[in-house]
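The values are calculated or read from the model by the stated rules, or taken from the named source; none is laboratory data. Keep in mind it's a predicted model, so treat the numbers as computed, not measured. Note that we place each Cβ from the backbone using ideal geometry, even for glycine, and neighbour counts take in every protein chain shown. For accessibility, only protein heavy atoms count, side chains too; no ligands or nucleic acids. Shrake-Rupley method; radii C 1.70, N 1.55, O 1.52, S 1.80 Å.
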Amino acid sequence: GIAENRVFLVSLAEDEDVLPHFRAAFTRALDAGRPDAYDVGFAHQTPAGPDIVGLAVAPPIRLTAGHLAALPRLRIAAAASAGYDHLDAAALMAAGISVTHTPGYCDIEVADHVIAMTTALLRNLHVGDAHARAGGWSSRAVGAKRITGSVLGVVGLGRTGALVARRAVALGMEVLAWAPRTSLAKVRELGVTPVATLNELLAASDVVSL
């Protein structure tokens, strides 16, 4: 019954509004066709109890080997994020508990934000805002730099790094990348110039994105 199958979304954020979607996803994953099979709830810290069968844990909350003794019926632990270093994956898998994560989660939003922050830094927008509010109107006075032709250094060309690089190239920026795990063909396909060392990237870039 419901009381014996509890699933929690564990997050510091106020995410109660996503619980209907969360319930549907866990129902599909565990027992499709039984929408009332799980008591789905929300928690701000890692819960415990013999009735808990599923957890989705968002960083920075952790799920460690120490928690497992208090979760004897846990069947699945999902990282509510792309990264899963906040879960002790080795301990979970050793206990026979399925571990999942969500690669690609928010990569577009992060890439968009990187570009927004990059352009804000180059144009010195925070200084320009204060200057304009005080009655001034001069990009030279606030040290604004031209975005086109500026150099963005990208460390790593995984999902997010590649999205950042494509956006920066489209803005006319020169993009350098230190991406030792990415093939040179893929780097060049993105319109990016590879560099051999991190120090070389740092020395040549106006803005660096990690």
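With a 1.4 Å probe and every protein chain left in place, work out the accessible area per residue of the chain in Å², rounded to a whole number. Please list the in-between numbers first.
Values: 11810 Å² over 210 residues.
Ligands and nucleic acids excluded, the figure is 56 Å² per residue.
Where the only charges are on Cβ atoms (+1 Lys, Arg; -1 Asp, Glu), what is the dipole of the chain about its Cα centre, to the nearest 20 debye? Write out the running numbers ahead of the final one.
Working: 18 positive and 19 negative charges, 148 e Å.
Roughly 720 debye, rounded to the nearest 20.
Could you please tell me the mean projected area of the C-alpha convex hull for region 125-190, averaged over all directions and given in square nanometres to one decimal?
Working: hull surface 20.8 nm².
With every direction weighted equally, the projected area is 5.2 nm².
I'd like the carbon and sulfur percentage of the solvent accessible area for region 20-140, probe radius 1.4 Å, heavy atoms only, ligands and nucleic acids excluded. Write out the running numbers ahead of the final one.
Values: 4020 of 6880 Å².
Reported share for carbon and sulfur atoms: 58 percent.
Tabulate in residue order the Karplus-calculated ³J(HN,Hα) for region 51-60, using 6.51 cos²θ - 1.76 cosθ + 1.60 with θ = phi - 60°, rounded to whole Hz; enter x for Gly and Pro.
9, 8, 10, x, 9, 10, 10, 9, x, x
Using modelled backbone amide H atoms (1.01 Å from N, in-plane), which distant-in-sequence or interchain residues come within less than 5 Å of Ser150's amide H?
Glu174
Over the alpha-carbon set of region 52-138, work out the extent along each principal axis and list the three values in angstrom, largest first.
65, 22, 18
Rounding to the nearest 10 and keeping the result within 0 to 90°, find how far the Cα-based axis of helix 19-30 lies from the longest principal axis of the chain.
Helix 19-30 sits at roughly 60 degrees to that axis.
Say the dipole of the chain comes from +1 at the beta carbon of Lys and Arg and -1 at that of Asp and Glu; which of Phe26, Gly83, Gln45 then lies farthest toward its positive end?
The Cα lying farthest towards the positive end belongs to Gly83.
Nearest 10 degrees is fine. How inclined is helix 159-170 to the longest principal axis of the chain, computing both from alpha carbons?
Once rounded, one gets 30 degrees.
Using 0.36 nm per residue of separation minus the Cα-Cα distance, give me the extension gain between Asp112 and Leu198 in nm, one decimal. Display every interim value, and only then the final one.
Working: separation 86, 0.36 × 86 = 30.96 nm, distance 2.34 nm.
Stretched out fully, the Asp112 to Leu198 stretch lengthens by 28.6 nm.
Can you work out the Karplus-derived ³J(HN,Hα) for every residue in region 132-139? Use 6.51 cos²θ - 1.76 cosθ + 1.60 with θ = phi - 60°, whole Hz, and x for glycine or proline.
Per-residue couplings from phi come out as 5, 5, 8, x, x, 7, 8, 5 Hz.
So how long is each side of the chain along the principal axes, counting just the alpha-carbon atoms, biggest first, in Å?
68, 46, 33
Could you grab the relative contact order for the chain? Cα pairs under 8 Å, six or more apart, rounded to a whole percent.
Details: 355 pairs, mean separation 28.7, N = 210.
14 percent.
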